[in-house]
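Inspection log for the structure reproduced underneath, given as structure tokens.
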Amino acid sequence: MHRITVIGGGLAGLTAAITAAESGAKVTVHESHHTLGGRARTAEGPYRTNDGPHALYNGGPHWSWLRQRDLIGPLAPLPPLEAARMRLRHKGALRRTPPFAMLKLLRRSAQQAPVDVDFMSWATGQAGEEGARAAAHYSAVALFHHDPGALSAAFVQERLRRATRLPPEAHYPRGGWAGVVDRMAARAWNLGVRMETLSRVDALPTDTPVVVATSLDAARRLLGDDSLTWPSGRTTLLDLALRTRRGDAFAVSDLDAPGWIERFTAQDRTLAPAGEQLLQGQIPIAPHETRADGVARAEQLLDLAFDGWRERVTWRRESVANGRTGAVDLPGTSWRDRPAIDRGDGVYLAGDQVAAPGVLSEVSFNSALTAVSLALGRNALDLKHA
Ligand SMILES: Cc1cc2nc3c(=O)[nH]c(=O)nc-3n(C[C@H](O)[C@H](O)[C@H](O)COP(=O)(O)OP(=O)(O)OC[C@H]3O[C@@H](n4cnc5c(N)ncnc54)[C@H](O)[C@@H]3O)c2cc1C
């Protein structure tokens, strides 16, 4: 029987553990935190905030993988009345529809964007500067970067397409991602995976193949390999609970600068106590900007879209997610250029900044499948269809 060690019990580590155990391997997971889930943890208590994921995209590979195993659980559908309360800020005013020029970039027939040119230059050629800028800023909802227009056109276009597809790809596990994590952990447990929490690994084991399913920063330290870097986003997070007011927006996308505010109780009432709404603003910030800059921009958006919000606040939290929102690809690079999964000597990387395709946590999922198939010496396709 193969033995395999997985370091990290987030989405990548749990995917790797389940996949390896389903193939008959004896698996041990080490997680330094006292609970599993990593960035997919949901806070306990009255305000069920997510550190990382909210949206589970149903066009991606992990959707069907989780569904085949009955691990998604109940979803919180967005009522049509709430969906109609989506707003966009453009030229300082709130509107319901995107500017016409931006729509040109969302057409199914739009050309495939190139890898080696920045999005802003390519999209300006397609739709003019105004449409290109609005589209770049909209895409921040799925890439969390302060200057999406400067990233590879192909990279931004993929996120734009996924985030604007109809019917929407984004689905919301009821109660946050904690339920998905719990179901994944239960599945791993039932397959005989040994899961050790509060078990921080400081040196790689040498007696089994290892899947290092940590953030890329943690993998760099663990492997002592300074080449393990890749750009990511830096974004201010503003979590707010507000007393309910009828007619509040469901979400506001800033087309004047990257930024997004969503009222997550619109689709899932279980996230906050009765009579209150839970919102999260994510405002990407440049390297020279501070958390306060991001918060100030979030407050401008709130002033526009949430009447009397300042008087309705019942709870508030601010933070910065730095390098925690997955890979971004600069012009001339694609996922294939990111740090390779196979590090040699039986060490494999899984996570959202390594060489695997997909959007956000799909990269963690895809890289975990590949890491396990390499570690067990099996064809990746066998595992995907197992
Ligand atoms: C604000 C924000 C919003 C996001 N929104 C979305 C979204 O809407 N949809 C989506 O799909 N994705 C989203 N993401 C991305 C998603 O959160 C991540 O891609 C995903 O959770 C990464 O999972 P992972 O398992 O690769 O890494 P992690 O979740 O970081 O897990 C790594 C684990 O390894 C553990 N660890 C680290 N070092 C060690 C060690 N030495 N020994 C033992 N354990 C160790 C850590 O404690 C952690 O639990 C978002 C992220 C952020 C920050």
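Some points to look at:
- Condition check for Phe144: touching a strand residue (DSSP E or B) at 6+ places or on another chain (Cβ under 9 Å) and assigned by TED's automatic domain parsing to the domain that holds Ile283: yes
- Residue within the stretch 147-165 that is outside any loop (DSSP other than H, G, I, E, B) and free of Cβ contacts under 8 Å to residues at least 40 places away in the same chain present: yes
- The residue list Trp315, Trp309 contains one member that is in contact with a strand residue (DSSP E or B) (Cβ under 7 Å, 6 or more places away or on another chain), closer than 19 Å to Asp254 by Cα and away from the ligand (no atom under 16 Å from the Cβ), which is Trp309.
- Sole residue being away from the ligand (no atom under 11 Å from the Cβ) and either aliphatic (A, V, I, L, M) or within 30 Å of Pro331 (Cα to Cα) (or both), chosen from Val141, Val156: Val156
- Pick from the stretch 323-341, criterion within 15 Å of the chain's Cα centre (by Cα) and among the aliphatic types (A, V, I, L, M), ranking: farthest from the ligand (Cβ to nearest atom): Val328
- Options Ala134, Ala83: the member that is touching a residue at least 60 places away in the same chain (Cβ under 8 Å), more than 17 Å from Asp256 (Cβ to Cβ), more than 20 Å from the chain's Cα centre (by Cα) and not assigned by TED's automatic domain parsing to the domain that holds Val363: Ala83
- Here the condition is being in contact (Cβ under 8 Å) with a residue 40 or more places away in the chain, over 23 Å from Val156 (Cα atoms), assigned to a strand (DSSP E or B) and not charged (D, E, K, R); of Val211, Val252, it holds for Val211 alone.
- Hits in the stretch 171-193 (condition: more than 17 Å from the chain's Cα centre (by Cα) and within 14 Å of the ligand (Cβ to nearest atom)): Met184, Ala185, Ala188
- Search result, residues across the stretch 199-226 that are among the charged types (D, E, K, R), modelled with pLDDT of 95 or more and farther than 15 Å from Gly10 by Cα: Asp202, Arg220, Arg221, Asp225, Asp226
- Listed by position, the strands (runs of 3 or more DSSP E) inside the stretch 276-356 whose residues that are modelled with pLDDT of 95 or more and among the basic types (Lys, Arg) number at least 3 are 313-327.
- Flag for Gln300 being under 28 Å from Pro77 (Cβ atoms) and not β-branched (Val, Ile, Thr): no
The values are calculated or read from the model by the stated rules, or taken from the named source; none is laboratory data. Model, not experiment: these values are computed from the prediction. Note that each Cβ is placed from the backbone with ideal geometry, even for glycine, and that neighbours are counted across all protein chains shown.
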